[in-house]
1. State which residue is nearest to S25 (Cα to Cα) when the search covers only the stretch 40-95 and only residues that are surrounded by fewer than 20 Cβ atoms within 10 Å (Cβ to Cβ) and of a type in the set (S, T, Y).
2. Could you tell me which numbered condition G170 fails, if it satisfies all but one of (1) part of a strand (DSSP E or B); (2) in contact (Cβ under 8 Å) with a residue 24 or more places away in the chain; (3) not β-branched (V, I, T)?
3. Tell me, which residue of the stretch 3-55 that is farther than 18 Å from F161 by Cα, hydrophobic (A, V, I, L, M, F, W, C) and under 17 Å from the mean Cα position of the chain (by Cα) is modelled with the lowest pLDDT?
4. Could you list all residues from the stretch 43-101 that are polar (S, T, N, Q) and on the phi > 0 side of the Ramachandran plot?
5. How many of the residues making up the stretch 38-70 are free of Cβ contacts under 8 Å to residues at least 40 places away in the same chain, touching a strand residue (DSSP E or B) at 6+ places or on another chain (Cβ under 8 Å) and hydrophobic (A, V, I, L, M, F, W, C)?
6. Residues in the stretch 89-98: is at least one assigned to a loop (DSSP other than H, G, I, E, B) and either touching a residue at least 60 places away in the same chain (Cβ under 8 Å) or of a type outside the set (V, I, T) (or both)?
7. Scanning the stretch 113-164 for residues that are hydroxyl-bearing (S, T, Y) and touching a Lys or Arg at 6+ places or on another chain (Cβ under 9 Å), which turns out nearest to V33 (Cα to Cα)?
8. Just need a number here: residues in the stretch 179-204 that are surrounded by 20 or more Cβ atoms within 10 Å (Cβ to Cβ) and farther than 30 Å from D24 by Cα.
Amino acid sequence: MSGLDPARFPRLAAYLARLPRGIDSFPEATGKVSVVRAFIESTQLLDFAFDGVPEPVAQLVRSPPPHSSWVSEVLMMSTLYALVDHRRLPNAAIERWTYEQNKKLFDSRMYRALVALAGPSLLMRGTQLRWGAFHRGSTLELVDMDAHGASLVLRFPQWVFDEALLIGFGTGIRAALELSRAPDATVRLVEHTPRSARYQGRWG
């Protein structure tokens with residue numbers, strides 16, 4: 001792919017290689033820019049190799065649109081992987097970073113009311129609506145719930161989200177549960193395929 005240097009951006013290259021049209025894949029799947037801006041704004045970019053990533057990624061990193069804008073989900077995930085490669089993060093650090101940024105995003109003035117004013121049960125019942133506030137062209141649905149847990153299924157175009165990204169979304173669900181005052185919240189990625197993932201959330 002023009003502009004992509006796999007030696008400097010190996011995770012980004014591996015992500016795009018699975019998609020049918022690379023960074024132009026699945027334009028119908030979109031995400032709100034506020035999701036990726038949190039990661040861009042928490043990264044030191046002085047030595048970012050803009051010449052080693054596709055131009056749409058370079059442009060998004062250089063000049064992110066307003067928080068309320070929508071862009072291709074593939075572009076957002078590509079940008080996230082470009083930042084991960086730039087920071088040279090191992091898997092455990094990626095999980096910590098995504099948790100920290102998700103919690104910061106959900107606890108912001110812009111989105112706190114979306115998650116913090118609901119208890120965990122109400123939060124889970126509104127999963128599809130809350131997911132839709134950040135993502136279009138994919139769905140996150142509640143499939144089962146009891147007093148101390150819930151099972152969720154995420155569906156998406158093939159390979160738009162891979163395992164590392166899915167684990168990251170799990171940290172976002174955990175962050176939302178914690179902000180909804182769920183005690184001892186945990187979220188586990190139970191299984192996943194190229195088009196779906198199942199999560200199990202528990203709280204005290």
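1. So, considering only residues that are surrounded by fewer than 20 Cβ atoms within 10 Å (Cβ to Cβ) and of a type in the set (S, T, Y), the one nearest to S25 (Cα to Cα) is S69.
2. (1)
3. Going through the qualifying residues, I end up with A38.
4. The answer is none; no residue qualifies.
5. Residues in the stretch 38-70 being free of Cβ contacts under 8 Å to residues at least 40 places away in the same chain, touching a strand residue (DSSP E or B) at 6+ places or on another chain (Cβ under 8 Å) and hydrophobic (A, V, I, L, M, F, W, C): 1 in total.
6. yes
7. S138
8. Number of matching residues: 7.
The values are calculated or read from the model by the stated rules, or taken from the named source; none is laboratory data. These numbers come from a predicted model, not from an experiment. For neighbour counting, all protein chains shown are included, and Cβ atoms are generated from backbone atoms with ideal geometry for every residue, glycine included.
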